[in-house]
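Visitor: Next up is a structure, given as structure tokens.
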Amino acid sequence: ENIIAAVAVGNYFGVEAHLIDAAISAYSPDNSRSQRLKKGSNNIILDAYNANPSSMEAAIKNFALLADKEKVICIGDMAELGDESEKEHKKIVQLLKEVPYQQLILVGKNFNKFSSEINCVSFDNVQAASDWIRKNPIRSKTILIKGSRSTKMEALLEAIGE
């Protein structure tokens with residue numbers, strides 16, 4: 001959607017198509033927003049800047065489309081959902097039951113409420129998850145790391161690929 005919006009804005013301002021294409025091709029996200037990183041033997045998609053139900057769903061569905069066979073999903077709680085929090089976290093767990101991956105790591109008390117409903121390892125916080133990853137190294141995988149800022153999922157990078 002963002003790429004379509006960028007193309008539309010470029011077209012509106014008369015930017016030539018090849019320049020739009022070059023700009024989009026050269027774009028590399030940072031600040032934990034859909035960053036692609038290499039850590040050790042792992043390829044990582046880090047999207048730990050924000051998480052709400054629609055962005056979480058989109059990230060999981062897009063990750064599922066990747067041709068990579070060895071996938072790990074690490075997701076952390078979505079914040080600021082109020083009375084809808086339990087329902088929305090449960091919907092994400094239901095979605096996770098439908099997508100391919102080899103390992104699922106849930107981080108946060110909201111997701112942990114549903115950890116018994118799915119094959120996963122779950123932790124109350126990112127430090128506990130990092131400690132577990134250090135003891136159970138992840139190697140040669142494609143990894144999605146997604147969560148709200150409050151969960152600080154980017155801290156998992158320190159444990160992955162050590």
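Here, each number is a calculation from the coordinates, and none is a lab measurement. In this text the structure is predicted, and so the values were computed from the model without any measurement.
Visitor: Going Cα to Cα from residue 97, which lysines come in below 20 Å? Please leave out same-chain ones fewer than 8 positions away.
Guide: 61, 69, 71, 87, 109, 113, 141, 146
Visitor: What list of whole percents do you get for P(r) of the chain, with Cα-Cα distances grouped in 10 Å bins up to the one holding the largest distance?
Guide: Percent of Cα pairs in each bin: 10, 38, 32, 14, 6, 0.
Visitor: Another question, then. If you stretched the chain out fully between residue 119 and residue 98, how much longer would it get, using 0.36 nm times the residue separation minus the C-alpha to C-alpha distance?
Guide: 6.4 nm
Visitor: I need the per residue convex hull volume for segment 39-85, using only the alpha carbons, in cubic angstrom as a whole number.
Guide: Cα convex hull per residue, to the nearest whole number: 79 Å³.
Visitor: Can you tell me which of 14, 147, 82 moves the most in a GNM of the chain? Springs connect C-alpha atoms under 10 Å apart.
Guide: 14
Visitor: Considering the alpha-carbon set of segment 1-85 alone, what are its Rg and its Dmax in angstrom?
Guide: Rg then Dmax for segment 1-85, in Å: 16.1, 47.
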